[in-house]
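Visitor: I'd like to ask you about the structure that follows.
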Amino acid sequence: MNELSIRPSDQAILNIAGYQFVRLDQLETLRESLREFALLYQLKGTVLLAEEGINLFLAGFENDVQEFLKYLRKDPRLKNFKKKDKLSASQTFRKIPVKNKKRDHSDESSDDYS
């Protein structure tokens, strides 16, 4: 079977990318819950959390990724989270880091995060 004939029912890997600017608090609690859920469903990728929002790249079996999105969207702040999809024949990531980004207050005029 070649990559062009892959369908979700063939257990292809669903890759998603998305972000949402939204005010988030309790980042450590959110980080832990998303990390645990991603580990439970064996998802790989990166989830970045900041007070200003969320940015993620995840990959896993389609049903597992969809379950993660349902869980994520249970949070009223993230109910409108949008993403882009792409199918692949194999897992594209090795880990599932879920990180909190902290604002660098050394230069208040800067929009950079460290």
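The values are calculated or read from the model by the stated rules, or taken from the named source; none is laboratory data. In this text the structure is predicted, and so the values were computed from the model without any measurement. Note: ideal-geometry Cβ built from the backbone for every residue, glycine included; neighbour counts use all protein chains shown.
Visitor: Within region 11-23, does at least one residue satisfy the condition of being more than 14 Å from the chain's Cα centre (by Cα), modelled with pLDDT under 95 and not β-branched (V, I, T)?
Guide: Looking for residues that are more than 14 Å from the chain's Cα centre (by Cα), modelled with pLDDT under 95 and not β-branched (V, I, T), one finds at least one in region 11-23, hence yes.
Visitor: Restricting to region 19-40, name every residue that is closer than 17 Å to Q66 by Cβ and touching a Phe, Trp or Tyr at 6+ places or on another chain (Cβ under 6 Å).
Guide: F37
Visitor: Applying the selection to region 37-79, what residues are over 19 Å from Q91 (Cβ atoms) and touching a strand residue (DSSP E or B) at 6+ places or on another chain (Cβ under 9 Å)? Outline the logic, then answer.
Guide: First, pick out the residues of region 37-79 that are over 19 Å from Q91 (Cβ atoms): 48-55, 70-79.
Listed by number, the residues that qualify are L48, L49, A50, E51, E52, G53, I54, N55, L72, R77, L78.
Visitor: Quick test of your reading of the structure: I54 fulfils all but one of (1) more than 13 Å from I16 (Cα to Cα); (2) at pLDDT 95 or above; (3) in contact with an Asp or Glu (Cβ under 9 Å, 6 or more places away or on another chain). Name the failing condition by number.
Guide: The failed condition is (3).
Visitor: Shifting gears a bit: Working only within region 60-81, note down all residues that are surrounded by fewer than 18 Cβ atoms within 10 Å (Cβ to Cβ), of a type in the set (F, W, Y) and within 11 Å of L34 (Cβ to Cβ).
Guide: The one that is surrounded by fewer than 18 Cβ atoms within 10 Å (Cβ to Cβ), of a type in the set (F, W, Y) and within 11 Å of L34 (Cβ to Cβ): Y71.
Visitor: Hey, another quick one. Need the failing condition index for N55 against (1) free of Cβ contacts under 8 Å to residues at least 40 places away in the same chain; (2) buried (at least 16 other Cβ atoms within 10 Å of the Cβ); (3) touching a helix residue (DSSP H, G or I) at 6+ places or on another chain (Cβ under 9 Å), just the number.
Guide: (3)
Visitor: Sticking with this structure for a sec: Need at least 1 residues that are basic (K, R) per element, so show me which strands (runs of 3 or more DSSP E) inside region 18-97 make the cut, counting only ones lying wholly within it.
Guide: Here the list reads 44-50, 83-88.
Visitor: Name the single residue that is surrounded by the most Cβ atoms within 10 Å (Cβ to Cβ) among those in region 8-40 being more than 18 Å from N63 (Cβ to Cβ) and β-branched (V, I, T).
Guide: Only one residue tops the list, namely V22.
Visitor: If you don't mind, another one. Mind checking which pairs have a first residue in region 28-49 that is in contact (Cβ under 8 Å) with a residue 12 or more places away in the chain and a second that is small (G, A, S), Cβ under 7 Å, 6 or more apart or different chains?
Guide: Close Cβ pairs (under 7 Å, with a partner that is small (G, A, S)) amount to Y41/G60; Q42/G60; L43/A59; L43/G60; K44/A59; K44/G60; G45/A59.
Visitor: Out of all the residues in region 85-94, is one or more modelled with pLDDT of 70 or more, under 22 Å from S33 (Cβ atoms) and among the charged types (D, E, K, R)?
Guide: The answer is no, given that none of the residues of region 85-94 is modelled with pLDDT of 70 or more, under 22 Å from S33 (Cβ atoms) and among the charged types (D, E, K, R).
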